[in-house]
Amino acid sequence: MKEITCKLLVIGSGPGGYVCAIRAGQLGIDTVIVEAGKPGGTCLNVGCIPSKAMIHAADEYLKVSQMAQGGDPLGISLSEPAIDLKKTVAWKDGIVGRLNTGVAGLLKKAKVKSVQGWARFRDGKTVEVETETGIQVIRAETIVIATGSLPVELPFMPFGGKVISSTEALALKKVPETLAVVGGGYIGLELGTAFAKMGASVTIVEAQDRILPLYDAELTRPVSKRLDELGVAVLIGAKAKGLSSKGDALLVETADGTERDIPADHVLVTVGRKPATQGWGVEEIDLDLTGPFIRIDDQCRTSMRGIYAIGDVTGEPMLAHRAMAQGEMVAEIVAGNRRSWDKRAMPAVCFTDPEVVSVGLSPDEARAGAAEIKIGQFPFAANGRAMTLQGESGFVRVVARADNHLVLGIQAVGSGVSELSAAFSLAIEMGARLEDIAGTIHAHPTQSEGFQEAALKALGHALHI
Ligand code: FAD
Ligand code: NAD
């Protein structure tokens, strides 16, 4: 049995773990990272990156399909487009492969030792890793748990056969003719829309009374409209009951209580993700949990001294950029620097069509905080750049305190608005007032002018509306 000792051991090399290890290495901490799969975790291998690659491919295919149908207002025409999903997936896998190598290289550059295999706690300072060449024991002064999350399974319809999770959906060899999606949240809508654009007949089954219930209804309305235009059937207030007796359809109880079969070559189940707390010996170290998640404080410390936890395993929002920010902070703390979680802004972006961004408080949340508020909203229909990009649906909305104009929240829905999220986050993180945004020169013609105009609107003197 081989043994290594180190100052810091990180379990899991997703965005939380690998960022923590790189920063620790940069700070001169003797660091080991253990990963059972490939570097980059869920995000890089089967999450953020591959899904956005497939969404882009679907957008491109839809564009040429519309041109071929002669419905292109730009006057471009072509004939008979086709999509070879095997090639699309191979292109996506190429991007993932390049990033895997990139993360491995960054870890090496930071002098982090990588161990490949499944880690299991023996006690609070010792972990055993099942490697290809036998058991590797690692003793560490400090351990960071960054084991991430896994897709939630419906007990009456487990994954297997035609019932798939996002991981299998991102590796299909051909576009299904019919796809039933259970769950109209992030993954269901991002991937459901992509498959609809690639030609599948898609039905989304959502238990709540609207899609993307995490966002306010005004923000998601343009997304619902677009789903309708794309021919995606959305059943809200509906419950999946299992596969039909013949196994060729999804049995659904609709909002009015009737049962219906939804034809489905595949049933994609996207009803949330659960923290990966099983199989690595959580019981050996007896950590406190909050619900299913590992409980942490504002420095990501768990209930056991010397053990930190970061990323999806610690709770919502389960987003890659939260995991990365926690990872970076923990590395600094382990290096002896005074740091704690003091972020004001946590952007959330849904890569639907159109895209949705939310940072800070929604109007209802701001009102609930008892402050009198001002809201400024500017439609992309009045933005020149959006018109040239055929992206006139949607708006930017700014929510601020009425007394001192401190910006509390910024939301947008529109084509390509994910790239505006940086400006929104910066404004909130830096404590911007409406006057700061209104007084900043925004380049013309850009969609970002909608942000400035929304702030001007809240101040009562928008220029282009
Ligand atoms: P993970 O990325 O889950 O990594 C955990 C790693 O730990 C895994 O590689 C796993 O193999 C390893 N591991 C677990 N246990 C052990 C063990 N005992 N021993 C060794 N290794 C172990 N988020 C966004 O912010 N933007 C997006 O656009 C986005 N899109 C997504 C799309 C999809 C389809 C999915 C599924 C998720 C998406 N997410 C997105 C969420 C994002 O992927 C996660 O929030 C992020 O990956 C969490 O990072 P993490 O480091 O906590 O864990
Ligand atoms: P989600 O929480 O976003 O959505 C799940 C949806 O399923 C909800 O709308 C819920 O009401 C619905 N639902 C739950 N049980 C149901 C049932 N039995 N029948 C019908 N509907 C049901 O979860 P997800 O889409 O699986 O994504 C998981 C997590 O991954 C997200 O919460 C997010 O943190 C992360 N993610 C982020 C992004 C992004 O940042 N762009 C993209 C994908 C995933």
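The values are calculated or read from the model by the stated rules, or taken from the named source; none is laboratory data. This one's a predicted model, so the numbers in the text were calculated from it and none came from an experiment. Quick reminder, even Gly has a Cβ in these numbers, built from the backbone with ideal geometry, and neighbours come from all protein chains shown. The protein model used for the area step is the full one, side chains on, heavy atoms only, and it has no ligands, DNA or RNA in it. Shrake-Rupley method; radii C 1.70, N 1.55, O 1.52, S 1.80 Å.
Points to keep in mind about this one:
- Shape summary: the range 163-271 maps onto an equivalent ellipsoid whose semi-axes, from the alpha-carbon gyration tensor, are 20, 17, 12 Å in decreasing order.
- Helical content alone sets the calculated 222 nm signal of the chain at -9500 deg cm²/dmol, taking -39,500 (n - 2.57) per DSSP H segment of four or more residues and averaging over every residue.
- Distance from the range 103-132 to the range 49-84 (C-alpha centre basis), Å: 43
- Per residue, the chain exposes an accessible area of 46 Å² to a 1.4 Å probe, with every protein chain left in place.
- In order along the range 38-48, phi translates into HN-Hα couplings of 9, x, x, x, 4, 3, 7, 8, 9, x, 3 Hz, rounded to whole numbers, per the Karplus curve 6.51 cos²θ - 1.76 cosθ + 1.60 with θ = phi - 60° and x for Gly and Pro.
- Taking 26 Å as the straight-line reach from the Cα of residue 225, the lysines in range (excluding those fewer than 8 positions away in the same chain) are 52, 63, 197, 239, 457.
- Ordering of 319-328, 272-281, 54-63 by burial proxy (mean other Cβ atoms within 10 Å per residue, highest first): 319-328, 54-63, 272-281
- Over all pairs of different C-alpha atoms in the range 343-441, the reciprocal of the mean inverse distance, the Kirkwood hydrodynamic radius, equals 13.7 Å.
- In order along the range 306-318, phi translates into HN-Hα couplings of x, 10, 10, 9, 9, x, 4, 5, 9, x, 7, x, 7 Hz, rounded to whole numbers, per the Karplus curve 6.51 cos²θ - 1.76 cosθ + 1.60 with θ = phi - 60° and x for Gly and Pro.
- Protection-proxy order for peptides 122-132, 153-163, 107-117, each taking the mean of Cβ atoms within 10 Å per residue, highest first: 107-117, 122-132, 153-163
- For the chain, diffusion coefficient by Stokes-Einstein and Kirkwood Rh (Cα), 20 °C, 1.002 mPa s, µm²/s: 89
- Alpha-carbon centroid distance for the pair the range 165-210 / the range 269-340, whole angstrom: 30
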